[in-house]
There are 2 protein chains.
Amino acid sequence: MIIGLIGFGKVSKNLINLIQSEDIAFITSFEGRSQKTIDSIKDADIQVLTTFEEVALNSDILISASSPKNALKVARDYGKLTKGIYLDLNNISPKTTFEISKHVEKFVDGAIIGKIDSTHPILYVCGKYCDELLFLDKYIDTRKISDNIGDVAILKLLRSTYTKTLSALLIEASELAEDYDLKDEFFEILSLTEGDEFKDKSLSRINNTLNSSKRKSEELEEIIDYFENNDLTMVKAALKKLNQ
Amino acid sequence: MIIGLIGFGKVSKNLINLIQSEDIAFITSFEGRSQKTIDSIKDADIQVLTTFEEVALNSDILISASSPKNALKVARDYGKLTKGIYLDLNNISPKTTFEISKHVEKFVDGAIIGKIDSTHPILYVCGKYCDELLFLDKYIDTRKISDNIGDVAILKLLRSTYTKTLSALLIEASELAEDYDLKDEFFEILSLTEGDEFKDKSLSRINNTLNSSKRKSEELEEIIDYFENNDLTMVKAALKKLNQ
């Protein structure tokens with residue numbers, strides 16, 4: 001079996017490390033790649049073809065792991081060509097998955113949750129061809145969500161809805177505690193019920209959010225846009241909080 | 001040393017169990033108590049005086065653990081009489097603590113966090129006389145917050161601000177996940193980062209909140225009332241969410 005890789009960042013490199021089998025070969029191309037990426041590919045010691053077109057034509061599974069903004073173009077250019085399964089691992093929106101599915105027949109919407117280089121990353125997949133990827137469970141914990149394209153992307157949005165709104169709540173509550181000079185005590189008392197890691201995790205969430213509040217706001221706007229027919233009282237408040 | 005108990009529920013019973021020392025005797029009274037409470041007191045095998053006035057007059061530490069709505073009356077009637085420390089363990093608001101401090105000189109504002117009958121409850125105390133209670137650390141983890149009356153009550157409000165707003169967020173996010181038929185997957189994917197207990201804990205929070213949404217709304221209103229000069233974007237959204 002041949003797995004083709006489009007995009008050669010952390011995800012691709014770690015998949016090569018995780019999926020080690022005599023029956024599986026990885027291929028990719030230097031086409032249009034930076035010197036840094038070419039060096040990475042050389043380090044990985046996998047087969048290199050001249051063009052991504054050849055990669056697509058020779059793959060049983062073609063994996064797109066480049067960037068969300070390239071995802072649709074990659075799908076149109078190469079997903080269309082492949083006879084194999086096309087697995088998109090970019091962090092794309094449900095709308096983009098629906099767009100891709102118009103162009104690519106054997107499309108599987110996937111996401112790796114948990115750090116790809118951690119001990120236990122999980123590969124979530126959906127789409128009517130996703131069963132054909134479940135054998136990957138031998139190498140990486142692989143879980144099917146459903147036969148419906150978009151479900152993995154929606155799941156990521158739901159996750160993001162929770163974590164980003166939680167961050168806004170943590171910002172508000174910790175500001176409040178600080179105003180009463182009880183911030184340390186606030187985190188301590190909550191650790192009793194929320195777990196020992198609560199303080200560090202919460203402070204890291206607060207800092208991450210405040211340090212990239214513009215991007216977080218944009219992501220909340222996308223969430224609100226996508227789920228516009230649902231009640232989003234808390235999410236909208238989180239957006240308001242981040243925009244203050 | 002003599003510790004007087006006004007109110008004889010779970011808190012008092014468990015304090016007697018936790019604080020076992022030859023140097024400490026507990027006293028209380030049957031005055032105005034129900035037969036059930038009288039039976040409880042008999043079971044505990046502590047000294048019983050005829051009136052709470054006598055209990056107050058004979059205590060080195062007088063503990064009020066009856067109910068939030070009686071707290072102020074108990075303080076006025078008996079806290080005023082005692083020469084000892086007056087420790088209020090009712091779940092009272094900061095405003096009530098300020099009111100009590102007008103009537104009782106040696107007043108300590110306290111709270112037991114974590115279940116009193118669990119392995120590790122913590123007694124938080126504040127007020128300028130609270131140092132005199134720190135010896136209790138031998139029997140129950142006892143932590144001083146500050147010399148300021150009200151700080152323990154404010155800390156409880158801050159904790160409640162967080163947990164109640166979080167519950168509103170969990171309700172919204174899980175409704176959203178359910179609408180997309182991804183509720184189980186939503187809890188699963190978040191457990192990867194939030195911990196194995198995330199699902200059970202969240203579902204229990206959602207159920208508790210929905211089953212007593214009127215009371216939770218009232219508590220959120222009290223929070224909003226107390227912290228009215230602070231930004232409460234998230235808390236106000238939580239109130240709106242619970243009132244839907």
Legend entry - DSSP-defined antiparallel bridges as percent of all bridges, the protein assembly as shown, nearest 5: 20
Inset, instruction - Enter the Cα centre distance for the pair the range A:152-182 and the range A:15-86, rounded to the nearest angstrom. - result: 37
Legend entry - Electrostatic dipole magnitude of the range B:174-244 [Cβ: Lys, Arg +1; Asp, Glu -1; Cα centre; debye, to 20]: 280
Inset, instruction - Go ahead and set up a Gaussian network model of chain A, Cα springs under 10 Å, then flag whichever of A:Gly84, A:Gly195, A:Gly110 fluctuates most. - result: A:Gly195
Legend entry - 19 Å reach of a label modelled at A:Ala25, 7 Å along Cα-to-Cβ, counting backbone N of the range A:58-91: A:58-63, A:82-85
Legend entry - Other protein chain Cβ atoms within 10 Å, averaged over every residue that makes up A:146-154: 2
Inset, instruction - Express as a percent, rounded to the nearest 5, the fraction of DSSP beta bridges in the range A:25-167 (both residues included) that run antiparallel. - result: 25
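What translational D, rounded to a whole number of µm²/s, comes out for the range A:164-229 from Stokes-Einstein when the hydrodynamic radius is the Kirkwood one over Cα pairs, at 20 °C and 1.002 mPa s?
Details: Rh = 12.9 Å.
It comes out at roughly 166 µm²/s.
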Inset, instruction - With everything on Cα atoms, drop me the angle between helix B:151-179 and the longest principal axis of chain B, reported from 0 to 90° to the nearest 10. - result: 30
Inset, instruction - With only Lys, Arg, Asp and Glu charged, each at its Cβ (+1 for the first two, -1 for the last two), find how big the charge dipole of the range A:132-224 is about the Cα centre; round to the nearest 20 debye. - result: 500
Legend entry - Length-normalised contact order of chain A in % [C-alpha pairs under 8 Å, at least 6 apart]: 13
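Shielding by partners for B:166-174, please: the mean number of other protein chain Cβ atoms within 10 Å of each residue's Cβ. All intermediate terms of the calculation are to be shown ahead of the outcome.
Numbers: counts 8, 0, 5, 11, 4, 3, 10, 10, 2.
Across B:166-174, the average partner-chain Cβ count within 10 Å equals 6.
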Inset, instruction - For the range A:105-236, calculate the relative contact order in percent as a whole number, restricting contacts to Cα pairs under 8 Å that are 6 or more residues apart. - result: 17
Legend entry - Computed [θ] at 222 nm, deg cm²/dmol, chain A (DSSP H ≥ 4; -39,500 (n - 2.57); rounded to nearest 500): -15000 deg cm²/dmol
Inset, instruction - If a/c stays under 1.5 just call it rounded; otherwise compare a/b with b/c (prolate if a/b is bigger, oblate if not). Do that for the range B:41-93, with a ≥ b ≥ c from the square roots of the Cα gyration tensor eigenvalues. - result: oblate
Inset, instruction - Place +1 on the Cβ of every Lys and Arg and -1 on the Cβ of every Asp and Glu in the range B:125-186, take the dipole about the Cα centre, and give the residue among B:Phe135, B:Phe186, B:Ile171 whose Cα lies farthest towards its positive end. - result: B:Phe135
Inset, instruction - Would you mind telling me which residue in A:Ile63, A:Ile224, A:Ile100 has the biggest mean-square fluctuation in a Gaussian network model of chain A, where springs connect alpha carbons within a distance under 10 angstrom? - result: A:Ile224
Legend entry - GluC sites (Glu not before Pro) restricted to the range A:138-244 and DSSP loop, no more than 10 other C-beta within 10 Å: A:Glu228
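Using the 10 angstrom Cβ neighbour count as an exposure proxy, how do B:His120, B:His103 rank, fewest first?
On the way: B:His120 10, B:His103 14.
Ordered by Cβ neighbours within 10 Å, fewest first: B:His120, B:His103.
Give the shape of the range A:94-178 as rounded, prolate or oblate, defined through the alpha-carbon gyration tensor: a ≥ b ≥ c are the square roots of its eigenvalues, a/c under 1.5 means rounded, and otherwise the shape is prolate if a/b is larger than b/c and oblate if not.
Numbers: a/c = 3.88, a/b = 1.77, b/c = 2.19.
Oblate.
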Inset, instruction - Note the angle between two axes, namely the Cα long axis of helix A:35-44 and the longest principal axis of the Cα atoms of chain A, as a number of degrees from 0 to 90, rounded to the nearest 10. - result: 70
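Rounded if a/c is under 1.5, else prolate if a/b beats b/c, else oblate: with a ≥ b ≥ c from the C-alpha gyration tensor eigenvalues square-rooted, which is chain B?
On the way: a/c = 2.29, a/b = 1.88, b/c = 1.21.
Because a/c hits 1.5 or more and a/b exceeds b/c, chain B counts as prolate.
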Inset, instruction - Sort shortest first the distances from A:Lys128 to its counterpart in every other copy, using label points 7 Å along the Cα-to-beta-carbon line, and give them in nm. - result: 7.8
Inset, instruction - Taking the Cα centre of the range B:1-103 as origin, work out the dipole magnitude from +1 charges on Lys and Arg Cβ and -1 charges on Asp and Glu Cβ, in debye rounded to 20. - result: 540
Legend entry - Cβ nearest the rotation axis (B onto A), residue from chain B and distance to the nearest whole Å: B:Ala237, 2
Legend entry - Shortest-first nm distances, B:Gly32 label point to equivalent points in other copies (7 Å, Cα→Cβ): 8.2
Legend entry - Candidates A:Asp151, A:Asp181, A:Asp137: whichever shows maximal mean-square fluctuation once chain A is modelled as a Gaussian network with Cα springs under 10 Å: A:Asp181
Legend entry - Exam field: A:Asp179 pseudo-label spacings to other copies (7 Å along Cα-Cβ), nanometres: 3.1
Inset, instruction - With everything on Cα atoms, drop me the angle between helix B:233-242 and the longest principal axis of chain B, reported from 0 to 90° to the nearest 10. - result: 80
Legend entry - Share, in percent, of DSSP beta bridges within chain B that are antiparallel, nearest 5: 20
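Could you work out the mean projected area of the convex hull around the alpha carbons of the range A:125-244, in square nanometres to one decimal?
Values: hull surface 39.5 nm².
Mean projected area of the Cα convex hull: 9.9 nm².
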Inset, instruction - For the range A:160-228, calculate the relative contact order in percent as a whole number, restricting contacts to Cα pairs under 8 Å that are 6 or more residues apart. - result: 38
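Within 10 Å of each Cβ of B:225-233, how many other protein chain Cβ atoms are there on average? Numbers along the way, then the final one.
Numbers: counts 0, 0, 3, 0, 1, 5, 8, 5, 13.
Mean partner-chain Cβ count within 10 Å for B:225-233: 4.
Calculate the FRET efficiency for B:Asp131 and A:Glu99 from the Cβ-Cβ distance with a Förster distance of 51 Å, rounded to the nearest 0.05. Show your work: numbers first, answer last.
Numbers: r = 67 Å, r/R0 = 1.31.
The computed FRET efficiency comes out at 0.15.
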Legend entry - With eigenvalues of the C-alpha gyration tensor scaled by 5 and rooted, the protein assembly as shown, Å: 60, 22, 19
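No lab work stands behind these numbers, since they all come straight from the coordinates. Remember, predicted model here, so these are calculated numbers, not experimental data. Quick reminder, even Gly has a Cβ in these numbers, built from the backbone with ideal geometry, and neighbours come from all protein chains shown.
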